[in-house]
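Note sheet for the following structure.
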Amino acid sequence: MPAPFRIYNTASRTVEAFKPITPGHVGIYVCGMTVYDRCHMGHARAMVVFDGFVRYLRFRGWSVNFVRNFTDIDDKIIARAAETGEDPVALAARFIDAFHEDAEALGLIRPDAEPKVSDSIDGIQALISGLVEKKHAYVNAGTVWFDVKSLPAYGKLSGQKVDELQSPDVVPGKKHPADFALWKAVKPGEVSWESPWGPGRPGWHIECSAMAIGCIGDTLDIHGGGLDLVFPHHENEVAQSEAHTHKPFANYWMHNGMLTMASGQKMGKSLGNVWNVQNALKEFPAEAIRLYYLGALYRSPLPWGEDALPEAMGGLCRLYDAREVAEAMSGKGNPTAVAQDLGEDAKRVLSLSAAFEDNFLGALDEDFNTAKAMAYVFELVRAINRFSNHKKAKKRGGPVVAGALAALDLVSAALGVLSMDVESYQEEVKNKRCCAMGLTRESVEEQISERTQARADKDWAKSDTIRDALDAAGVVLMDCTEGTSWRLRICDTQ
RNA sequence: GGCGACGUAGGCAAGUGGUAAGCCAGAGGUUUGCAAAACCUCCAUCCACCGGUUCGAAUCCGGUCGUCGCCUCCA
């Protein structure tokens, strides 16, 4: 049996116990991107949050049908294509490829289905036909509008009252300002499909209803997306879907919070201050980006700034360093007996390891609280490091830290953080930071070997000169018994 | 104007009735050829403000102020 969990439901504004439609199974639909540009850090938060959530569900024993769509027909795409002179469908296809590139680089699991609007026209038209037949939609000059007044429950997800909305636009052909297009009549030069109402293309919201119902069923267990989609996008999805099926569209609505800028405002394309994922990945490891997102509760706003990724990477390095230390420990024997012999710090590692799984997963079970869950990881890491200071830890501590290493593996399995081997991680960090800081690994390593010789000669003056020079360039050296290792300073403290 | 969320140390961020997790930064110490890393100690008598409920509230209720999101495309 899968483990029970609780989750915040936007529809009720409370944390609720999750009840599946089918025992042991979760059908989850997440709104993906409108593909007319590169994936930015705000999108990435949604992607990483739901990626982590699905991993967690599966780790907890749920069978998950994870669907994330692409909106590849849309006003924005058509507008962008007109600017570049490109075919809109080709432009969308290009950005779908780019998204997959970014998704893979971020370590995202592939959804079970990634439906596209352009492949879902039949289902969309069937849904619109149903709404027209049921008198929830009306046709005007080749455009089909959803009639919000035909559905008294309209507004229940977002708490909006249809007559109290600001309605600046007066669009001809609509009966009510809040009515929205299900099917848009073709304009000259636009891509279009034949339909019972004439040539045209789907409106923005109908595709998600059609794809979600097509891939999962009339009722979804969970519908996810960014908080900015609650109104009107998700509200409209609810309206069209329920008007057609007469069944609840989604049992739980799960929304991730926005990335906010220093000013407090969200990161958004319209605000112009957007960092794209591709560039961030050139300078920082993918897992640092994941940890940055997963270090906060998914539905809180998350401040974005220059320090965000450097700090997250610093934390991640701390975790990997501890794992390296633990992996280097050897020895045999019964963990309890060895710990008894090695003292209080060893016993603490053992007790924290033993409690770890319950604590860590317990935090995730309560509204996917990754911030709290990660705090347990850092607590365990400190215990490992403290224990590692003991003289006998390296030769005899293996059995003591075995459980802690298993705990770190659990983090990787459940959240996709800490999933690399230590060496690969360190390589990735060095390569990316060297690139970001304009250094080459060859020159750094050459100077280090020069210094190593100086140290062997006990020429401390020369040794220190080299170290200071490297330090000025951002390279920090660490001398230990196995030799000198190095890393790049993460934050400019100057 | 309507709907909603939030305000916890220098920065970030958990905690939703029982006496403030964790990360970063800072100070002192252990360690080190010197460093770095790591570890130890310190760093919010207090959780925007004002009332109220309670044996007890950051946590519940009411009010005030402030910030943000949505109502137009948005993860």
* Where the centre of each part is set by its Cα atoms, how far does segment A:298-332 sit from segment A:1-45, in angstrom? -> 26 Å
* Asked: Arranged from highest to lowest average of other beta-carbon atoms within 10 Å per residue, in what order do the peptides A:304-315, A:31-42 appear?
  -> A:31-42, A:304-315
* Hey, can you list the DSSP H helices of chain A whose Cα span along the axis is 20 Å or longer and whose average Kyte-Doolittle score is at least -0.5? -> A:41-59, A:88-105, A:308-327, A:344-365, A:370-388, A:398-415
* Among the lysines, which fall within straight-line cross-link reach of residue A:332, defined as a Cα-Cα distance under 23 Å, with same-chain neighbours fewer than 8 residues apart omitted? -> A:347, A:391, A:392, A:394, A:395
* At what distance in nm do the modelled label points of residue A:75 and residue A:437 sit from each other, each positioned 7 Å from its Cα along Cα→Cβ? -> 4.7 nm
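By how many nm would the segment from residue A:485 to residue A:456 grow when fully extended, if each residue of separation counts as 0.36 nm and the alpha-carbon distance is taken off?
Gain on extension, residue A:485 to residue A:456, equals 8.9 nm.
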* Given the peptides A:467-473, A:6-12, A:44-50, arrange them by the average over their residues of other C-beta atoms within 10 Å, most packed first. => A:44-50, A:6-12, A:467-473
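What number, in percent, do you get for the relative contact order of segment A:286-423 if the mean sequence gap of Cα pairs under 8 Å and at least 6 apart is divided by its residue count?
Answer for segment A:286-423 is 36 percent.
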* At a Cα cut-off below 16 Å, give the lysines reachable from residue A:156, other chains included and same-chain residues fewer than 8 away excluded. => A:247
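Counting other C-beta atoms within 10 Å, and keeping those with at most 16, which DSSP coil trypsin sites (Lys or Arg not before Pro) do you find in segment A:145-194?
A:156, A:161, A:175
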* To do: Within segment A:385-410, which residues have the backbone N less than 14 Å from the label spot 7 Å out from residue A:330 along Cα→beta-carbon, could you tell me?
  => A:393-399
* Protection proxy ranking, peptides A:194-205, A:219-230, A:333-344, A:89-100, average beta carbon neighbours within 10 Å, highest first -> A:219-230, A:194-205, A:89-100, A:333-344
* Per-residue [θ]222 nm for chain A (sum of -39500 (n - 2.57) over DSSP H runs n ≥ 4, rounded to 500) -> -15000 deg cm²/dmol
* Tell me which lysines have Cα within less than 18 Å of residue A:187's Cα, excluding those fewer than 8 residues away on the same chain? -> A:76, A:174
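Under a point-charge model restricted to the Cβ atoms of Lys and Arg (+1) and Asp and Glu (-1), what is the dipole moment magnitude of chain A relative to its Cα centre, in debye to the nearest 20?
Value, rounded to 20: 1120 debye.
Values quoted throughout were computed directly from the atomic coordinates according to the rules given, and no laboratory measurement underlies them. Since this is a predicted model, take the numbers as computed values, not measurements. Note that each Cβ is placed from the backbone with ideal geometry, even for glycine, and that neighbours are counted across all protein chains shown.
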